[in-house]
Amino acid sequence: AQTVTQSQPEMSVQEAETVTLSCTYDTSESDYYLFWYKQPPSRQMILVIRQEAYKQQNATENRFSVNFQKAAKSFSLKISDSQLGDAAMYFCAYRSKETSGSRLTFGEGTQLTVNP
Amino acid sequence: GAGVSQSPSNKVTEKGKDVELRCDPISGHTALYWYRQSLGQGLEFLIYFQGNSAPDKSGLPSDRFSAERTGGSVSTLTIQRTQQEDSAVYLCASSLRGGTGALNTEAFFGQGTRLTVV
């Protein structure tokens with residue numbers, strides 16, 4: 001079974017600064033998807049960024065980018081030019097590409113605070 | 001609708017009562033998932049529906065939990081004889097289909113139902 005670990009329960013960053021959220025995972029599969037989801041107080045999970053394991057290039061979405069280290073099974077999220085609206089709980093998630101219809105496996109989450 | 005809709009938004013129930021939580025997925029999405037999020041925790045998979053296939057119930061924590069999906073659309077999660085440890089946010093998600101192709105990977109979530117058992 002796959003597991004996802006987020007070792008930082010809480011992080012804080014000053015507005016306009018850069019912050020990196022850590023995520024490690026364990027799997028025996030060679031191809032899979034990795035995701036970062038944001039959960040604001042409204043509770044709705046919002047997809048921030050996704051990465052396909054076979055792609056060596058790190059995914060980027062505007063101010064959000066990942067550092068995907070497949071051999072180390074590490075998938076960190078970098079938020080540049082942090083904004084107050086970035087404050088939320090962030091979840092790292094894994095999804096198998098080898099099992100049809102497989103579920104997302106989530107980490108425990110990192111609560112991000114953005115200080116003005 | 002435009003997004004995944006869940007009702008009720010909040011539910012308070014007495015221990016021992018049965019509750020039903022509803023999820024209305026995005027129109028045309030054949031895959032539907034239920035997750036449970038306990039306070040300060042990550043999301044725990046409960047059950048998965050894909051079209052007319054038999055659901056994957058491997059995440060249901062006990063036989064007090066059940067779910068159905070009628071007509072391949074709306075889903076209801078039922079918890080019988082609720083216990084205090086059932087208190088959590090129950091999140092529903094849907095995706096276009098449950099396969100492994102790139103177009104199928106994004107899951108869209110509802111805002112969840114916060115269940116409080118007193």
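The values are calculated or read from the model by the stated rules, or taken from the named source; none is laboratory data. Since we're looking at a predicted model, the values are computed, not measured. All Cβ positions, even for glycine, are placed from backbone atoms using ideal geometry, and neighbour counts span all protein chains on display. SASA here: full protein model, heavy atoms, side chains in, ligands and nucleic acids out. Shrake-Rupley method; radii C 1.70, N 1.55, O 1.52, S 1.80 Å.
Checked against the criterion of being open to solvent by 50 Å² or more (accessible area, probe 1.4 Å), among the acidic types (Asp, Glu) and more than 14 Å from the chain's Cα centre (by Cα), the candidates B:Glu68, B:Glu14 yield just one match: B:Glu14. Yes or no: B:Gln111 within 10 Å of the chain's Cα centre (by Cα), open to solvent by 20 Å² or more (accessible area, probe 1.4 Å) and within 13 Å of chain A (Cβ to nearest Cβ)? Taking the combined requirement at face value, the residue does not satisfy it. Of the candidates A:Tyr90, A:Tyr32, A:Tyr25, the single residue that is modelled with pLDDT under 95 and of a type outside the set (A, V, I, L, M, F, W, C) is A:Tyr32.
Within segment A:76-116, how many residues are within 14 Å of chain B (Cβ to nearest Cβ) and in contact with a Pro (Cβ under 9 Å, 6 or more places away or on another chain)? Looking only at that region, the number is 6.
A quick yes/no check of all residues on (1) open to solvent by 80 Å² or more (accessible area, probe 1.4 Å); (2) free of Cβ contacts under 8 Å to residues at least 60 places away in the same chain:
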{"position": "A:Gln2", "(1), (2)": "no, no"}
{"position": "A:Thr5", "(1), (2)": "no, no"}
{"position": "A:Met11", "(1), (2)": "no, no"}
{"position": "A:Gln14", "(1), (2)": "yes, no"}
{"position": "A:Glu17", "(1), (2)": "yes, no"}
{"position": "A:Arg43", "(1), (2)": "no, yes"}
{"position": "A:Ile49", "(1), (2)": "no, yes"}
{"position": "A:Glu52", "(1), (2)": "no, yes"}
{"position": "A:Gln56", "(1), (2)": "yes, yes"}
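When the strands (runs of 3 or more DSSP E) confined to segment A:1-110 are screened for residues that are more than 24 Å from B:Arg114 (Cα to Cα), those reaching at least 3 such residues are found at A:3-5, A:10-14, A:19-21, A:24-26, A:32-39, A:46-52, A:64-69, A:74-79, A:88-96. Of all the listed residues (B:Lys11, B:Lys17), the sole one being outside any loop (DSSP other than H, G, I, E, B), more than 13 Å from chain A (Cβ to nearest Cβ) and in contact (Cβ under 8 Å) with a residue 40 or more places away in the chain is B:Lys11. Here are some residues: B:Leu96, B:Leu39. Which one is in contact with a strand residue (DSSP E or B) (Cβ under 9 Å, 6 or more places away or on another chain), under 22 Å from A:Val4 (Cβ atoms) and within 14 Å of another protein chain (Cβ to nearest Cβ)? Of B:Leu96, B:Leu39, the one residue that is in contact with a strand residue (DSSP E or B) (Cβ under 9 Å, 6 or more places away or on another chain), under 22 Å from A:Val4 (Cβ atoms) and within 14 Å of another protein chain (Cβ to nearest Cβ) is B:Leu39. For segment B:48-59, does any single residue satisfy the condition of being over 18 Å from B:Thr116 (Cβ atoms), out of contact with any Gly (no Cβ under 8 Å at 6 or more places or on another chain) and more than 11 Å from chain A (Cβ to nearest Cβ)? Yes, some residue in segment B:48-59 is over 18 Å from B:Thr116 (Cβ atoms), out of contact with any Gly (no Cβ under 8 Å at 6 or more places or on another chain) and more than 11 Å from chain A (Cβ to nearest Cβ).
The criterion of at least 3 residues that are modelled with pLDDT of 90 or more and more than 19 Å from A:Tyr37 (Cα to Cα) is met by the following strands (runs of 3 or more DSSP E) wholly inside segment B:26-108: B:43-50, B:65-69, B:75-79.
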